[in-house]
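Working notes for the structure below.
The numbers here are math on the coordinates, done by the rules we state, and not lab data. It should be emphasised that the depicted structure is a prediction, and the values quoted were computed from it without experimental measurement. Using ideal geometry, Cβ is built from the backbone for each residue, glycine included, and neighbour counts are taken over all protein chains shown.
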Amino acid sequence: MTCRTLEEFYHINGRSFEKQYKETLSGYRSWDQLSHAQKWLLFEDNIGKNIAIDETSLSNGELYTIITNRDKHGKQGCLVAICCWNQILGCLQGIG
């Protein structure tokens, strides 16, 4: 559900609420991965014994490496890491 959808139900300004949520309520500015989030994300709690590594091009020819936990079968908690191809070493250092 988006913040703009809440606008209809609760008669609030959706754009204002979206900004307040990002800046204050979500804790985005104090997120421990904010400094490298444009390059790579790591979800350490999702690491398991069986992982899969795939590469995909999401947009504009940018190549991303996606590491998933195969034991989760594509459900919640399956994403271990996503790394921009030229930042893979930083991502792997975060895992190790």
> Which residues make up the longest stretch of the chain clear of trypsin sites (Lys or Arg not before Pro) that lie in a DSSP loop with no more than 15 other Cβ atoms within 10 Å, not counting the sites?
Replying inline: 1-38
> What's the FRET efficiency of Leu41 with His11 using the Cβ-Cβ distance as r and R₀ = 30 Å, to the nearest 0.05?
Replying inline: 0.30
> Leu34 to Asn60: extension gain in nm, 0.36 nm per residue of separation minus the Cα-Cα distance?
Replying inline: 7.1 nm
> Once you charge only the Cβ atoms, +1 for Lys and Arg and -1 for Asp and Glu, what is the size of the charge dipole of the chain about its Cα centre, to the nearest 20 debye?
Replying inline: 60 debye
>> Under 18 Å between alpha carbons, and skipping anything fewer than 8 positions from Lys75 in its own chain: which lysines qualify?
In response: Lys49
>> For a quick check, take a GNM of the chain with Cα springs below 10 Å and name the residue from Glu18, Glu44, Glu55 with the largest mean-square fluctuation.
In response: Glu18
> Stretched out fully, how many nm does the piece from Arg4 to Ile53 gain, at 0.36 nm a residue minus the Cα gap?
Replying inline: 14.1 nm
> Rounded to the nearest 0.05, what FRET efficiency do Glu23 and His73 have when you use their Cβ-Cβ distance and R0 = 30 Å?
Replying inline: 0.25
> How about Lys72: which aspartates and glutamates have a C-alpha closer than 18 Å to its C-alpha, ignoring those fewer than 8 places off in the same chain?
Replying inline: Glu44, Asp45, Asp54
> So which lysines can Lys19 reach, going by Cα to Cα under 27 Å and dropping same-chain residues fewer than 8 places off?
Replying inline: Lys39
